[in-house]
1. Any idea which of 99, 88, 84, 48 is in contact with a helix residue (DSSP H, G or I) (Cβ under 7 Å, 6 or more places away or on another chain) and either at pLDDT below 90 or over 30 Å from residue 177 (Cβ atoms) (or both)?
2. With respect to residue 146, determine if the residue is buried (at least 17 other Cβ atoms within 10 Å of the Cβ), modelled with pLDDT of 85 or more and either in the same structural domain as residue 19 (by TED's automatic domain parsing) or within 30 Å of residue 210 (Cα to Cα) (or both).
3. If a residue counts only when it is without any contact (Cβ under 8 Å) to a residue 24 or more places away in the chain and either within 30 Å of residue 163 (Cβ to Cβ) or in the same structural domain as residue 166 (by TED's automatic domain parsing) (or both), which strands (runs of 3 or more DSSP E) contained entirely in the stretch 1-116 have at least 1 such residues?
4. Pick from 152, 188, 212, 164: which is within 22 Å of residue 4 (Cα to Cα) and in contact with a helix residue (DSSP H, G or I) (Cβ under 7 Å, 6 or more places away or on another chain)?
5. Identify the residue in the stretch 102-127 that is closer than 30 Å to residue 212 by Cβ, loosely packed, with under 14 Cβ neighbours inside 10 Å and in contact with a strand residue (DSSP E or B) (Cβ under 8 Å, 6 or more places away or on another chain) and, among all such residues, is modelled with the highest pLDDT.
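The values are calculated or read from the model by the stated rules, or taken from the named source; none is laboratory data. Quick caveat: nothing in here was measured; it's all calculated off a predicted structure. All Cβ positions, glycine included, derive from the backbone under ideal geometry; neighbour counts span all protein chains shown.
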């Protein structure tokens with residue numbers, strides 16, 4: 001998905017493993033390894049979901065969650081708690097977390113929780129995103145136009161999904177870079193243009209139907225039916 005996720009976890013092995021797994025699922029992922037960095041990242045950047053460990057140096061997960069909610073940040077928060085710490089679960093939910101996961105956990109379970117939380121703000125869109133005769137199933141990752149399957153790279157998929165989730169809205173290059181690429185990704189100024197061109201070559205050019213991806217000169221790009 002072209003969703004941007006922040007992981008706040010001081011255990012580097014866990015944080016990096018989760019990041020790699022989520023990146024393989026086409027999410028853009030940033031990692032903070034302590035509470036202060038995690039709070040500042042969540043507060044001042046635009047994330048669609050935060051995976052937040054309870055036990056952190058500097059500022060614990062409860063404090064971060066409570067402060068973010070007090071500041072009007074409403075992104076879903078998935079809290080990671082220690083095994084058998086029911087009081088942590090209760091406290092986490094009371095401070096504003098949306099869900100919790102007990103360590104140790106399988107990546108498959110975490111991914112299912114992430115998908116469920118990310119669907120909540122997008123419930124009206126459902127699992128299938130459409131623009132004209134183009135459709136994307138966000139569960140099976142199947143993309144079709146006019147009934148014909150389209151094979152995309154993970155980054156092309158992420159870009160297309162971000163466009164589809166914002167159908168008929170003009171998205172600037174900064175918007176796109178912020179949601180489709182990680183914060184520390186090594187991208188050039190024309191990277192967005194290059195990937196839009198890749199996407200057009202697969203989604204628009206082979207079909208006789210009208211082009212869906214439009215360039216709004218001086219502003220950015222949009223997909224429209």
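1. Numbers: 88 fails: in contact with a helix residue (DSSP H, G or I) (Cβ under 7 Å, 6 or more places away or on another chain); 84 fails: in contact with a helix residue (DSSP H, G or I) (Cβ under 7 Å, 6 or more places away or on another chain); 48 fails: either at pLDDT below 90 or over 30 Å from residue 177 (Cβ atoms) (or both).
Of the residues listed, the single one that is in contact with a helix residue (DSSP H, G or I) (Cβ under 7 Å, 6 or more places away or on another chain) and either at pLDDT below 90 or over 30 Å from residue 177 (Cβ atoms) (or both) is 99.
2. On the way: buried (at least 17 other Cβ atoms within 10 Å of the Cβ): no; modelled with pLDDT of 85 or more: yes; either in the same structural domain as residue 19 (by TED's automatic domain parsing) or within 30 Å of residue 210 (Cα to Cα) (or both): yes.
So residue 146 does not fit the description; no.
3. Values: elements: 4-8, 28-32, 49-53, 77-81, 99-102.
Those strands (runs of 3 or more DSSP E) span 99-102.
4. Values: 188 fails: in contact with a helix residue (DSSP H, G or I) (Cβ under 7 Å, 6 or more places away or on another chain); 212 fails: within 22 Å of residue 4 (Cα to Cα); 164 fails: in contact with a helix residue (DSSP H, G or I) (Cβ under 7 Å, 6 or more places away or on another chain).
None of the others qualify; the one that does is 152.
5. Ranking the qualifying residues of the stretch 102-127, first place goes to 116.
Okay, residues lined up against (1) exposed (fewer than 13 other Cβ atoms within 10 Å of the Cβ); (2) modelled with pLDDT of 80 or more; (3) touching a strand residue (DSSP E or B) at 6+ places or on another chain (Cβ under 9 Å):
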residue: 184; (1), (2), (3): yes, no, yes
residue: 196; (1), (2), (3): no, yes, yes
residue: 210; (1), (2), (3): yes, yes, no
residue: 213; (1), (2), (3): no, yes, yes
